[in-house]
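Peer 1: Quick one: the structure is below, questions incoming.
The values are calculated or read from the model by the stated rules, or taken from the named source; none is laboratory data. Everything quoted here is computed from the prediction, not taken from an experiment. Here the Cβ is made from the backbone with ideal geometry for all residues, glycine too, and neighbour counts use every protein chain on show.
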Amino acid sequence: MSAEASSRPDIVLVDDDDDLRHALRQGLELEDLAVADFKSPGDALLKLSQDFAGAVISDIRMPGMDGMQFMAKVLEIDAAIPVILVTGHGDITLAVDAMREGAYDFIPKPFRVQDLGAVTRRALEKRRLVLENRVLRSELETGSSMAERIVGRSPAIKALREEITVVADTGADVIIFGETGAGKEVVARALHDFSPRAAGNFVALNCAALPPEIFESELFGHEAGAFTGAQKQRIGKLQHADGGTVFLDEIESMPLDLQAKLLRAIEDRTIVRLGSNRQIPLDVRFIAATKSDLDKESASGRFRADLFYRLNVVTLTIPPLRDRREDIPLLFVHLARQARARYRREMPNLTPSLEHQLLDHKWPGNVRELRNIADRWVLGLWNGFSPEGDAGARTLEGPLADRIAVFERTVIEAEIRKSGGRLKDVYEALQISRKGLYDKMRKLGISAGEADG
């Protein structure tokens, strides 16, 4: 490492070629960038952490640990650290592969130091926004009290907060009842986070989104060779939640034959993987969510009555937004603050006219609908409700390309939030290739880290 390198450098530079490394360091320092340079990738890794506020520049061809292996280890520390690869002429294909694996950019030799500096400055700005957004999200979303999670001042919401506080410590299985968009997963996460199981995994499974043919494998796991295509052992969602909480959303959609197997797992607290006879102990709290009346569903034969009674130790009911209108302004501002942190936009003032519109709306989509309007409002895309009661969107002024970019960014970030940052789910939901998603994210300045939480 160079003498007098900054304790908090802008750039961690790695290259085994002493002359090139020193020349790059001097050139970047002339660009007013603080550089810590290393001959060994292993030494450079010691300088990195999730709080690292800079970017990494690395050669690809190095003895021992090459640039691709080094990048993989950097992204294990924090997948949002920008890694810029310096490539030789014959490494372009390799560099493109690296982009697919998470590299921020690559720059082929020969190049001007000014060009490398320009790429690095863009990477540093992106990293700054990622870290700043993490701090803001932590302040906004990781509340230390129940009131910061379950927002509202209505008697119904106050009662719900008290019920969650009491039930969280018990470990009892829970059914959460609420309309679409009412916030069932928010309540489930609060039950987990304020319980002794908080250090364990919270595993959410949408029963309506899984094809029946893979449901059992997803839930219980399978052994290698259990069925065609099962090439290796897979840990199921229930086992992954061991020591924590499993959240079964839209449980009314679960096939009846699987309901019987789930009932056995709940009663025995054991599972058996597909293709195996071995029982695996399970330490899991079950939280189920539904928008249907499971009592009526079980009476009609569409849901197993024994599973309903086994899960129904405690029932928490989330009131629809239309029944707690006094909460709407407070909740809207809370959601708008979250949108401000995500989109890096100023939040307009809540006017009396806007508040009147919000209070007068019927809210068929509940809190989810309110969140969407808060997002559009912060983005400057909302122009009130249409005569039919739908939220209108104002078309941005300016070139068509700019309008499309705003739309694409909004859609991609929404899918990233929905998937919890799992980019495979995002490009499958948007029906584009992995490279296509990465290219758009890079072009629009989006990172999975910016949309966590």
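Peer 1: Before we move on, is Leu30 more than 18 Å from Ile107 (Cα to Cα) and in contact (Cβ under 8 Å) with a residue 60 or more places away in the chain?
Peer 2: yes
Peer 1: Condition (residue is assigned to a strand (DSSP E or B), in contact (Cβ under 8 Å) with a residue 40 or more places away in the chain and either surrounded by 14 or more Cβ atoms within 10 Å (Cβ to Cβ) or assigned by TED's automatic domain parsing to the domain that holds Gly102 (or both)) applied to the range 59-75: is it met by at least one residue?
Peer 2: Scanning the range 59-75 turns up at least one residue that is assigned to a strand (DSSP E or B), in contact (Cβ under 8 Å) with a residue 40 or more places away in the chain and either surrounded by 14 or more Cβ atoms within 10 Å (Cβ to Cβ) or assigned by TED's automatic domain parsing to the domain that holds Gly102 (or both).
Peer 1: Check Arg121, Arg134, Arg149 and return the single one that is at pLDDT 85 or above and out of contact with any Lys or Arg (no Cβ under 8 Å at 6 or more places or on another chain).
Peer 2: Only one candidate passes the filter, namely Arg121.
Peer 1: Tell me the residue from Val14, Val56 that is modelled with pLDDT of 90 or more, under 17 Å from Leu75 (Cβ atoms) and more than 30 Å from the chain's Cα centre (by Cα), please.
Peer 2: The conditions single out Val14.
Peer 1: Could you please find all residues in the range 246-258 being in contact with a Pro (Cβ under 9 Å, 6 or more places away or on another chain) and not in a helix (DSSP H, G or I)?
Peer 2: Pro255
Peer 1: Let me ask something else. I'd like the residue in the range 80-91 that is crowded, with 16+ Cβ neighbours inside 10 Å and over 14 Å from Asp15 (Cβ atoms) and, out of all such residues, is farthest from the chain's Cα centre (by Cα).
Peer 2: Per the criteria, the residue is Pro82.
Peer 1: Does the range 92-112 contain at least one residue that is surrounded by 17 or more Cβ atoms within 10 Å (Cβ to Cβ), touching a Gly at 6+ places or on another chain (Cβ under 8 Å), part of a loop (DSSP other than H, G, I, E, B) and modelled with pLDDT of 85 or more?
Peer 2: No, every residue in the range 92-112 fails to be surrounded by 17 or more Cβ atoms within 10 Å (Cβ to Cβ), touching a Gly at 6+ places or on another chain (Cβ under 8 Å), part of a loop (DSSP other than H, G, I, E, B) and modelled with pLDDT of 85 or more.
Peer 1: Also, quick follow-up: Kindly indicate whether any position in the range 153-163 is at pLDDT below 90 and not assigned by TED's automatic domain parsing to the domain that holds Asp17.
Peer 2: Scanning the range 153-163, I find at least one residue that is at pLDDT below 90 and not assigned by TED's automatic domain parsing to the domain that holds Asp17, so the answer is yes.
To keep it simple, each residue is scored yes or no on (1) under 31 Å from the mean Cα position of the chain (by Cα); (2) loosely packed, with under 15 Cβ neighbours inside 10 Å; (3) closer than 18 Å to Val246 by Cβ.
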residue: Arg278; (1), (2), (3): no, yes, no
residue: Phe286; (1), (2), (3): yes, no, yes
residue: Leu294; (1), (2), (3): yes, no, yes
residue: Ser298; (1), (2), (3): no, no, no
residue: Val313; (1), (2), (3): yes, yes, yes
residue: Pro319; (1), (2), (3): yes, no, no
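Peer 1: If you don't mind, there's one more thing I want to ask. Here is a list of conditions, (1) in contact with a Phe, Trp or Tyr (Cβ under 6 Å, 6 or more places away or on another chain); (2) within 26 Å of Ala168 (Cβ to Cβ), and Glu297 meets all of them except one; can you say which number that is?
Peer 2: Tallying (1) in contact with a Phe, Trp or Tyr (Cβ under 6 Å, 6 or more places away or on another chain); (2) within 26 Å of Ala168 (Cβ to Cβ), Glu297 fails exactly one: (2).
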